Structure formats: C-alpha cells, structure tokens
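Right, one structure below, let's go through it.
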Amino acid sequence: MLLLDPSPGPSTSPSPSVFASIDVTKICNTDVVCSRVYEWTGNQWLANSSYWVIVKPLRILGIVVAALVIRWLLHRAIKRLTNSTTRASMPALLKPLKERTAQTAEEGQFIPERRRQRAEAIGSVLRSFVTAVVFTMAALLVFGELGFNLGPLLASAGIVGVALGFGAQSLVKDLIAGLFMLLEDQYGVGDTVDLGEAVGVVETVGLRITTVRDMRGVLWYIRNGEIVRVGNKSQGWSLVVIDIPIGFINTEEAIGVLKRAASAVAESAEHKTEFLEPPDVVGVEQLTVDGAVIRTIAKTTADGQATVQRELRRALTEAMDEAGLSERIAASRLIPRAAVPPGLPLAYEPEDRPGGAT
C-alpha cells in the first residue's frame, strides 16, 4: 500500500493541492484502487476521484451487465419450457390439472396447437414478470451505489403498493384469476363454455378479460375475477344422449332396430373418427302415460358431439319408420280425454262440490 505524505509543504496558506493531498492520503490508506492510480499516474486529483470516476461506474456497469445476463438466462429457460409443450413429454407446470392426476385414454384428443397457444401466453406473462423483477432489483442496487438512502424509497414504494392494492383490488383479482386460468387450461379460444349468464364460443382469452360469442351473436366481455364456475363443452370427450318414446310396442324389437341403426352410423366412413366408443342402446329409461322411453348413448369427441347427435337422431328415426314401428307407436297411444265429460258445459260446476267459499 502506498502511503502519501500529508504535509502541506512550505506554503502557509491552504490551496487545492493541499486538500487534494490530504484527501488522497486519507482515502488511499484504505483503498487499493486509489493507491494504484496515484502510483501509476502521479495525479492527486485522479487518485482522489478514482472511487467515483472508476470504481462506481464499474460497479454500476457490472450491475447492469449482471441484470441483462440473468434476464437472458431466465428468458431462455422460459422459452425452452414453453417450446417443449409440443413434444410428447410435456412439463408438469403446463399440463392441465386433469392430465397431471391421471393418464386417460383421451389424452390424444388434446390439440397440440392449443397447447402451443396457451404456452405462448404463459411464456409472455412469465417473461414480463421476470423482466420487471430483475430490472427493479438492478435499479435499487444502482441507486444504492449512487448514495441514495433506500430506506425511505422502499417505505414509499410499500405505501404506494398498499394504496394501489386497495384501489385496484378488482384489477389484481382479474389478473391473478386470468393467470391461474391459463395455467390450469380451464378453457381456450374456440371452446364452447358455460360461464353463467354467458354461454357460447370463446373468441379471445386475456389476463383480465375473456370474450364469449353466444348463439345469438352477442359478444360478452367477462372479467376473469368474476368467473366463479366454468362449464367447458369442448375439452376431452362428450356424451350424446338420445331418448326415443316407443309407446307400448315390444321393447326388445325396438331396441334391436335402434342398435342396428346406431352401429351403422358409428361404422360409416364419415363419422367413424368421431366415435370414441361404439354407441349403446341401454334400454328402457323411463315409463310415462304414453309408454316406454328408450335411451341411446354414444361417447364422441368434443368437436363432433353436435354432428353425431343430429346424425343419430336422423338414423334412429328413419330406422323406426322403415321397420314399421312408427305406425304401431301412433296406434298404441291412448286418445287424449277431455277434463270435463262430453256434453257438459265447461262453466258447469256441481253445487255439492266440496270446499270453496261459503
């Protein structure tokens, strides 16, 4: 360590060189950089200012470079995480909850494009969050290097955060609900959902707002924080249930006709890929005053439910008609009876009817 002579020299009046000499000695007794600069340059002012001219800028530059490197590494990790969603082995973070808990036969029905879109949305949110956190920490460290007192600054930031938290509770609630909605894959663009009053097809999904187009063409803007339940009709598989009244005809004959018609629809080239399991005529579902009701069920893909349901109804109706069962059903039904006996006026009421006002 180089120690400098603090003596002011022969001059009795203070001068800038005297103060510089004293400051250099005081600083350089504990600062290696100051000593080296004075040793290399012999310049007292440069040695005295080396801490602010060399050390501080280098520290600030190091903080900025470290922040950029950390941000780049985290963004790269997030990008690799989101890019892996199109592969067979999907990270558990991006798997829907139903896929994490159990492996089902319908796993292959999930569309990779949907996973990619959801992963991109989650990746964008994570990258923005990482950028904000890293640069905020870097800015605080830079302020500390410049000599700012971070205590009042952090206290003020905390007060502002509390005020914003109370003033923007609904906004924070919507953002958090939207983030968890994306992570859990509750619904996506193109899904048919039931969100309470709004039932229709999802057009856009955001962190704060979800838009749904209903069957009448009305576009609903729904805040994610206000969604308390979601009924998704487009995820996984769907079930088609068709009830056909057969009157009082032979049930075994009707079930046989319906089974053959349903099997023909499932084996057709046009609808074969839409059936996950062969359709089944389960039998008599209920009995009414008009006779028995036969139920037919079919497990289909979510997208093909409406098409299969219409095709099954058409095929079952035509099969009943071709087998001659439709005429027998109509003949077996009872003729509706009037509530009042024939020939009796509708306004007639017997005098001895019990009850009523006296």
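We did not get these values from a lab; they are worked out from the coordinates using the rules stated. Note that the coordinates shown come from a computational prediction; the quantities given were computed from them, not determined experimentally. Methodologically, a virtual Cβ is constructed for each residue, glycine included, from the backbone with ideal geometry; neighbour enumeration extends over all protein chains shown.
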Computed on Cα atoms, Rg of the stretch 208-252 relative to 2.2 N^0.38 Å comes out at 2.04
Residues with amide H under 5 Å from that of E285, placed H, sequence gap 5 or more: V293, I294, R295
5 Å is the cut-off here: which amide hydrogens, built 1.01 Å from N in the peptide plane, fall below it relative to S234, excluding neighbours closer than 5 in sequence? T192
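What is the local net charge at G200, summed over the other residues whose Cβ is closer than 12 Å to its Cβ (Lys, Arg +1; Asp, Glu -1)? Write out the running numbers ahead of the final one.
Details: positive: R213, R216, K233; negative: D191, D194, E197, E203, D214.
Local net charge: -2.
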Unit-weight point scatterers at every alpha-carbon of the stretch 236-290, Debye formula, q = 0.21 1/Å: log10 I(q)/I(0) is -0.85
Using a cut-off of 10 Å between beta-carbons, work out the net charge of the residues near R295 (Lys and Arg +1, Asp and Glu -1, R295 not included). -3
Tell me, what is the FRET efficiency for V228 and L146 to the nearest 0.05, using R0 = 41 angstrom and their Cβ-Cβ distance as r? 0.25
Relative packing of peptides 254-264, 206-216 - highest average C-beta neighbours within 10 Å first: 254-264, 206-216
Translational diffusion coefficient, Stokes-Einstein: compute it for the stretch 206-309 using the Kirkwood radius over C-alpha pairs as Rh, at 37 °C and 0.692 mPa s, and state it as an integer in µm² s⁻¹. 200
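Figure the gain on full extension for I60 and V282 (residue separation times 0.36 nm, minus the Cα-Cα span) and round it to one decimal in nm.
Extending this stretch completely gives an extra 72.4 nm.
Net charge near R213, counting Lys/Arg +1 and Asp/Glu -1 over other residues with Cβ under 15 Å of its Cβ? Please report the intermediate quantities before stating the final value.
On the way: positive: R216, K233; negative: D191, D194, E197, E203, D214.
Around R213, the charge tally is -3.
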Which peptide among 67-77, 120-130 comes first, and what is the full order, when sorted by highest mean count of other Cβ atoms within 10 Å? 120-130, 67-77
Alpha carbons only, please: Rg and Dmax for the stretch 109-268, in angstrom. 25.9, 95
